[in-house]
Amino acid sequence: MKYIPIVFGIDHNNDIPIFFGSFCKFAYYAAKNKWPFVVQKHYLEKIFSFNKDFMDEVYQINEINSIDEKIINNVDFYIIDEEQTKSVINNFKSKEEAWIKLMNKKNNSLYLILDSILNDIFCKYKNIGGFIVWRHNETISQLAKKYGVKVIEMELSGVRKKYYNFGLSYFQFSNKYSNNELEFRYKRFLTEYKKKQDDFPILSRTQILNLILESDKIKQLNTIEEYDVGVALGLKKDFETLSTNSIQNDELLKKIITFEKTENILLRKHPADANYSYDCDFDIDNSNSSLKFVSRCHKIISSVSNINFEAMILGKTCYTLGKMPFSVFSYTDLKYNDDYVINIIDLNFLFFCYYVPYSLCLENEYLDFRMTNPSEFEIYIKHYNYILNNHSIINLKRENNIRSNYLKKCELEEKCKLICEKNIQLENNIREILSSKSWKITKPFRKILKFIRGGSNEK
């Protein structure tokens with residue numbers, strides 16, 4: 001089948017389009033897979049205007065080779081010109097309002113523009129599987145219903161190639177800022193896991209960390225927890241936070257200081273918000289990676305930051321107060337203060353089943369596979385085998401050689417937790433037996449047997 005990437009964004013920072021990385025990723029695979037590609041004109045105009053260092057980072061994070069004129073000339077682009085873009089954007093008071101409305105409501109102007117383009121594409125191409133977008137756009141979802149296809153929504157998770165051995169991507173057939181799809185798939189996963197758990201390869205937290213991190217980064221995990229709470233902020237003017245009615249940065253910080261002293265809090269600003277200041281005098285994290293920040297804190301709190309997924313992998317207590325899918329596996333309200341760490345089965349579900357290897361998610365064969373509605377077991381095994389065969393199987397083999405004290409501690413804690421859970425289960429079983437009718441009915445016989453054997457009477 002053919003797939004249609006669609007990029008319609010707003011130049012949020014006035015100089016770099018917010019979807020530029022995804023544009024490069026989509027263009028690369030559109031050329032490779034012979035897909036039509038719907039995109040605004042200014043993306044094509046900017047592709048060769050950025051400096052080499054910036055572009056090298058874009059290619060690295062998006063796990064693609066460099067894009068040259070040959071690749072661009074090999075893509076069947078359907079262009080949204082500047083006048084068409086203005087006809088949509090100029091109806092809004094601000095860029096923030098435009099983002100919020102486009103994410104949540106059908107826009108008639110955009111609908112007519114895209115409908116005309118898509119009609120041409122469907123006349124030219126046969127067997128279209130669906131649309132591919134980077135963030136939710138309600139107008140595109142409405143058009144998908146008209147044309148009888150699915151929308152695949154993608155975005156990079158907190159695990160990305162710049163800091164890890166490989167990246168993981170969101171892959172949803174519904175709005176990413178909802179956990180409905182994840183909850184449905186998680187229930188299906190648990191049902192399948194109970195039936196064939198011996199067939200699911202489950203990795204320990206230690207193995208997952210060794211799989212995604214080089215040895216020099218694993219050493220960073222030995223960092224002492226200096227702060228009780230780490231707060232990962234989103235953008236100060238974040239349209240995703242606003243569009244989902246998630247808690248905003250200032251409100252989040254006000255809530256946190258009602259139960260925690262500022263000296264126990266470490267703040268990590270969004271990379272694009274380095275110059276913003278906040279009312280309270282917080283310690284600011286200046287680490288060059290989120291990994292070091294998470295390691296310095298006992299608990300991690302965020303609204304819509306992907307850092308919480310990283311924190312879950314590292315075995316931290318997480319509070320996710322915004323509408324992120326993985327909030328299902330963390331606290332969603334600050335009133336909960338007991339330590340809680342995602343269990344290893346749930347972590348493996350997120351890592352190998354829910355998220356998709358970023359270098360796999362746009363392969364034509366993989367998209368066709370997902371269109372067949374495979375079981376969670378089939379998805380899990382496909383991702384697991386792909387990661388081990390294509391990325392870092394060596395890291396699993398070297399596990400015993402490079403374990404840090406942190407990883408040993410994680411593994412011991414997991415073993416201890418499993419033993420405690422088994423003890424609780426055994427205690428519950430004993431209680432059930434002792435309270436059962438059969439146990440009460442046979443009590444006289446047990447007394448007689450004990451008397452015959454010389455034992456003391458049962459109480």
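The values are calculated or read from the model by the stated rules, or taken from the named source; none is laboratory data. All of these numbers come straight from a predicted model, not from anything done at the bench. No Cβ is skipped: glycine too gets one built from the backbone with ideal geometry, and neighbour counts run over all protein chains shown. Surface accessibility is based on the protein's heavy atoms, side chains included, excluding ligands, DNA and RNA. Shrake-Rupley method; radii C 1.70, N 1.55, O 1.52, S 1.80 Å.
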Quiz prompt | Over the stretch 116-181, equivalent-ellipsoid semi-axes from the Cα gyration tensor in Å | solution = 27, 15, 9
Quiz item: Which of the pairs Lys52/Lys106; Lys162/Lys316; Lys46/Lys255; Lys195/Lys335; Lys34/Lys176 have their Cα atoms more than 31 Å apart in this structure?
Solution: Lys52/Lys106; Lys46/Lys255; Lys195/Lys335
Exercise. Could you tell me the distance between the Cα centroids of the stretch 50-96 and the stretch 170-192, to the nearest Å?
Key: 30
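What pairs in Lys269/Lys323; Lys196/Lys219; Lys95/Lys146 have C-alpha atoms more than 31 Å from each other? Don't skip to the end; give the middle numbers.
Working: Lys269/Lys323 19 Å; Lys196/Lys219 36 Å; Lys95/Lys146 28 Å.
Checking Cα-Cα distances, Lys196/Lys219 exceed 31 Å.
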Quiz prompt | Mean separation of Cα contacts under 8 Å (6+ apart) over length of the stretch 314-357, as relative contact order % | solution = 35
Quiz item: Once Lys and Arg get +1 and Asp and Glu get -1 on their Cβ, which of Val75, Trp35, Leu118 lies farthest toward the positive end of the dipole of the stretch 1-119?
Solution: Leu118
Practice problem: Convert each backbone phi in the stretch 139-145 into a coupling constant with the Karplus relation 6.51 cos²θ - 1.76 cosθ + 1.60 (shift: θ = phi - 60°), then list the ³J(HN,Hα) values in order as whole Hz, x for Gly and Pro. | Solution: 4, 5, 5, 5, 5, 4, 5
Quiz item: Cα centroid distance between the stretch 117-168 and the stretch 360-375, in Å?
Solution: 13
Exercise. Could you run the Karplus curve 6.51 cos²θ - 1.76 cosθ + 1.60 with θ = phi - 60° over the stretch 170-181 and give me ³J(HN,Hα) per residue in whole Hz, x for Gly and Pro?
Key: 5, 7, 10, 9, 8, 4, 4, 8, 7, 9, 4, 5
Self-check item: Rounded to the nearest 10 Å², the accessible area of His42 at probe 1.4 Å
Solution: 40
Quiz item: Taking Cα pairs under 8 Å and at least six residues apart, what relative contact order does the stretch 9-118 come out at, in percent?
Solution: 30
